[in-house]
Amino acid sequence: MSFKKVSLVYTYGLKNAGDMAINLGALDLLEVTNCKIKIFSRFNKKNHEYKKSADYLKKLYNNVEILDSPFVLERDEKLLEQLKNYIKSFFVLTGVIKPDRFINQLTDSDLIIFNGGNLFRGESISDYLRLLALMYPLRVARKFDIPYIIFPQSSSTIDKIGKMLLKNNLQNTSLLYTRENVSYYHLKKYFPQTNIQKGIDLAFFIDIMKHLKKIKYDISNNVGKNKKRIAITLRSHTVGDLKTLCRKKIDKIISIIVKYIQKLHNKNYEIVIVCQTKKDLLISQTIYNNFSQTDSVIMKEEYDPIKLINLYRNCNLIMGMRLHSIIMALSMNTPALGIFDKQWGNKNPGMMEKFELPYFNLNEFDLKNLIIETENILEDEIYLREKIQNIISKDKSNLIKSLNKIVFENNEI
């Protein structure tokens with residue numbers, strides 16, 4: 001089986017660096033094949049995020065065709081505009097409106113790849129609508145008998161309606177990868193007939209040195225040359241960033257992290273508070289304001305995953321609440337410590353358990369244990385870096401081999 005033309009659906013925007021990191025990893029993984037690649041943005045051309053992300057990707061990938069989505073599902077629109085967009089999208093999903101241009105562009109492919117992420121959740125009306133829109137290209141693929149695969153995904157709560165919406169699309173895929181073991185066993189339980197294999201997050205496939213050279217960015221590595229440097233990422237929103245966490249949880253995060261930074265500062269460590277998602281700016285700034293006069297505590301607002309990976313490459317540890325900040329750090333063998341809310345799904349504990357790294361539940365973490373785990377990681381840093389590198393190398397190799405065997409057996413990866 002050999003494929004010459006491949007469509008990747010969907011790619012994400014720059015508001016969240018973790019989303020863009022998934023895009024880069026998918027494209028770097030596919031770029032080494034002999035396939036002609038075209039990508040479909042999650043955004044419609046009317047959305048400013050479409051142009052912004054398309055311009056960014058065009059600078060890094062010369063030969064990739066970038067197309068837009070037939071759906072306009074933006075939560076930031078005014079209520080009346082949102083209603084119009086949802087009605088139009090409903091008509092597309094029910095077949096009343098046929099997006100011929102999109103269908104023709106999509107079906108002019110030998111293979112369709114559903115991009116990786118944290119998309120398999122379904123427990124509310126908004127989840128169902130999102131799943132219907134996201135799965136639409138796979139419905140088209142089934143109708144036109146075009147094979148498709150699903151790049152590494154994580155799962156969260158999936159109720160009966162969610163399972164019903166996912167069932168046909170998952171059972172008819174040639175191959176579905178998960179990002180971590182928790183999601184693998186979760187999806188295997190609900191969809192036993194689906195060809196599911198363990199994979200690794202797409203961000204681990206980013207060819208960072210290639211991109212750093214392309215954007216003419218400083219590639220020096222000064223980790224450990226002066227003080228120990230710790231990166232911190234915060235999060236104050238629910239899954240999907242749909243709404244803010246309750247006030248009690250936010251107050252707890254602020255209180256403990258401020259004390260945590262003060263303790264690290266007293267130990268003569270350098271601290272970088274990193275905001276890599278727009279929704280995290282307020283809580284990041286609130287915590288940083290307690291140290292704005294302190295030279296060894298800085299704040300960095302950055303949404304370019306290439307620059308972020310380079311930043312994490314120059315740290316000894318990341319204490320993260322954003323999973324993709326941890327993944328980008330791990331991709332450079334930088335050890336991590338996590339703090340997560342249970343409602344954020346399987347991806348967080350699954351990823352930390354994969355690398356045998358410590359993490360805390362948001363309801364249970366405290367300053368004392370946070371400091372103890374930080375010191376333990378810094379003490380074992382050299383050993384942990386080697387272990388992380390071995391896990392990544394093995395998982396990447398396994399994914400590429402299975403992808404090559406099942407999908408690209410006549411192409412060279």
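The values are calculated or read from the model by the stated rules, or taken from the named source; none is laboratory data. Nothing here was measured: the structure is a model prediction, and the numbers come from that model. Don't worry about glycine lacking a Cβ; one is built from the backbone with ideal geometry, like all the others, and counts go over all protein chains shown. The area values use the complete protein model at the heavy-atom level, side chains included, leaving out ligands, DNA and RNA. Shrake-Rupley method; radii C 1.70, N 1.55, O 1.52, S 1.80 Å.
Observations on the structure shown:
- Selected residue (criterion: surrounded by the most Cβ atoms within 10 Å (Cβ to Cβ)) from residues of the stretch 1-44 that are assigned to a loop (DSSP other than H, G, I, E, B) and of a type in the set (D, E, K, R): Arg42
- Per-region count, the stretch 372-393, residues under 16 Å from Lys263 (Cα atoms) and surrounded by fewer than 16 Cβ atoms within 10 Å (Cβ to Cβ): 3
- Just so you know, in the stretch 185-209 the residues that are without any contact (Cβ under 8 Å) to a residue 40 or more places away in the chain and in a helix (DSSP H, G or I) include one that is most open to solvent (accessible area, probe 1.4 Å), and it is Lys189.
- Near pairs, Cβ below 8 angstrom, 6+ apart or cross-chain, from the stretch 322-340 (more than 16 Å from Asp280 (Cβ to Cβ) and touching a residue at least 40 places away in the same chain (Cβ under 8 Å)) to any residue that is among the hydroxyl-bearing types (Ser, Thr, Tyr) and surrounded by fewer than 24 Cβ atoms within 10 Å (Cβ to Cβ): Leu337/Tyr359; Leu337/Thr374
- Taking residues in the stretch 161-181 that are within 20 Å of Ala141 (Cβ to Cβ) and open to solvent by less than 10 Å² (accessible area, probe 1.4 Å), and partners anywhere that are part of a helix (DSSP H, G or I) and of a type in the set (Val, Ile, Thr), the pairs with Cβ atoms closer than 6 Å and at least 6 places apart or on different chains are Leu175/Ile406.
- Given (1) free of Cβ contacts under 8 Å to residues at least 60 places away in the same chain; (2) under 23 Å from Lys252 (Cβ atoms); (3) open to solvent by less than 10 Å² (accessible area, probe 1.4 Å), index of the condition Leu317 fails: (1)
- Of the residues making up the stretch 394-413, none is open to solvent by less than 10 Å² (accessible area, probe 1.4 Å), at pLDDT 95 or above, touching a strand residue (DSSP E or B) at 6+ places or on another chain (Cβ under 9 Å) and not polar (S, T, N, Q).
- Single residue of Thr286, Thr294 found to be open to solvent by 30 Å² or more (accessible area, probe 1.4 Å) and part of a loop (DSSP other than H, G, I, E, B): Thr294
- Condition met for Leu212 (in a helix (DSSP H, G or I), surrounded by fewer than 22 Cβ atoms within 10 Å (Cβ to Cβ), touching a helix residue (DSSP H, G or I) at 6+ places or on another chain (Cβ under 8 Å) and at negative phi): yes
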